[in-house]
1. Taking the condition polar (S, T, N, Q) and either at pLDDT below 95 or not assigned by TED's automatic domain parsing to the domain that holds Glu121 (or both), does Thr33 pass?
2. Determine, yes or no, whether Ile252 is in contact with a Phe, Trp or Tyr (Cβ under 7 Å, 6 or more places away or on another chain) and assigned by TED's automatic domain parsing to the domain that holds Thr195.
3. Just give me the residues in segment 275-297 being outside any helix (DSSP H, G or I) and either over 24 Å from Met190 (Cα atoms) or not small (Gly, Ala, Ser) (or both), in sequence order.
4. Out of Ala227, Ala199, Ala259, I need the residue that is assigned by TED's automatic domain parsing to the domain that holds Asn334, crowded, with 16+ Cβ neighbours inside 10 Å and farther than 25 Å from Lys315 by Cβ. Which one?
5. Hey, could you check segment 230-241 for residues that are under 25 Å from Pro314 (Cβ atoms) and not charged (D, E, K, R) and say which is surrounded by the fewest Cβ atoms within 10 Å (Cβ to Cβ)?
6. Would you mind stating whether Val235 is in contact (Cβ under 8 Å) with a residue 60 or more places away in the chain, part of a loop (DSSP other than H, G, I, E, B) and either on the phi < 0 side of the Ramachandran plot or in the same structural domain as Glu324 (by TED's automatic domain parsing) (or both)?
7. Based on what the data block shows, is Leu18 part of a helix (DSSP H, G or I) and surrounded by 14 or more Cβ atoms within 10 Å (Cβ to Cβ)?
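The values are calculated or read from the model by the stated rules, or taken from the named source; none is laboratory data. Note that the structure is a prediction, hence the values are computed from the model and not measured. Cβ placement follows ideal geometry from the backbone for every residue including glycine, while neighbour counts extend to all protein chains displayed.
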Amino acid sequence: MAIRVLIVDDSATARAVLTEILGSDPMIEVVGTASDAYIARDKIVELHPDVICLDVEMPRMDGITFLKRLMHYMPLPVIMVSSLTQSGAKTTLAALEAGAIDFVPKPHSHIYDGKEEMREELIAKIKIASKVNVRQRILGDVAHANTTALSETTHKILAIGASTGGTEALKDVLMGLPRNAPGTVIVQHMPANFTGPFAERLNSLCSMEVREARNGDSIVPGVALIAPGDYHMVVRRSGARYYVEIGSGDKISGHRPSADVLLNSVAKIAGSNAIGVLLTGMGGDGARGLLAMRKAGARTIGQDEASCVVYGMPKVAYELGAVEKQLSLHKIANGILESL
């Protein structure tokens, strides 16, 4: 049976392009479109879509308000379609916090010119979203890990990889860590202009300092560095000092930044002096890097299937033998501290 999709966007051009993109896949049926939240509300009741493709900025009622009401009254999987601007990034991050499954960035150029680059990502994320039980996510256990502050700082490195569903998963993990937690390096699959606002949001919520990484930043206790969108990040060492190096290069495992690139560098540079964590995400990026870390003597943790939005990356890692402990999301922060 085809996945029934409702497209909500105030631009007639965007609605036409998105309909064309999704209509090209035989497993997806666009059952309707809406130009604002009020029309969308009526069409949801009438058409019973499986997934909603939602614009970030809309007239009459903004996308975030609509999303929050939808999650309260009629939870459905939602994929946000977002611009690549700073304001678009902040609104998209708020949408993910409000319950959206994932987002697809609109291209820099005219949407007609960028539709081919959107096609594969949008179709894949619609298919993933259709399998997510949104009501179960909303009603699930949301208790945070009961962590205690470390009595002393540690110079171990904590390396984390995440993708689909990872923005909220990372928030959960980092909020569960104390102010003097190990120096942390993170790859979250995210385009340029999104990682800066994402880091700022986490920094406002967490005991640790969280920021977008800059080339040469030291890895020190109490600081979490997030790889900039569209750049790889690796760990280097100079004497007793660990630091990050930021660079371009080809996509690895289909991504830039790539969790495999980061975790492989941690395995090589830090060896047993590290902890690796792989969170929710589609695909297999990070699995081989986590395996390299475990072979080098690091402690490794994978998020379990029940708490993942998409049990992809952690599943591949588990099947490779890369995961020492498989834990539910809300136990991962404690699992990290117990591994020190």
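1. When the stated conditions are applied, Thr33 does not pass them.
2. no
3. Those that are outside any helix (DSSP H, G or I) and either over 24 Å from Met190 (Cα atoms) or not small (Gly, Ala, Ser) (or both): Ile275, Val277, Leu278, Leu279, Thr280, Met282, Asp285, Ala296, Gly297.
4. Ala199
5. Ranking the qualifying residues of segment 230-241, first place goes to Tyr231.
6. No, not satisfied.
7. Answer is yes for this residue.
So that you can scan it fast, the table gives a plain yes or no per residue for (1) surrounded by fewer than 21 Cβ atoms within 10 Å (Cβ to Cβ); (2) within 19 Å of Gln188 (Cα to Cα); (3) in the same structural domain as Asp9 (by TED's automatic domain parsing); (4) at pLDDT below 90:
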| position | (1), (2), (3), (4) |
| --- | --- |
| Leu47 | yes, no, yes, no |
| Val56 | no, no, yes, yes |
| Pro59 | yes, no, yes, yes |
| Phe66 | no, no, yes, no |
| Arg69 | yes, no, yes, no |
| Ala100 | no, yes, yes, no |
| Ser109 | yes, no, yes, yes |
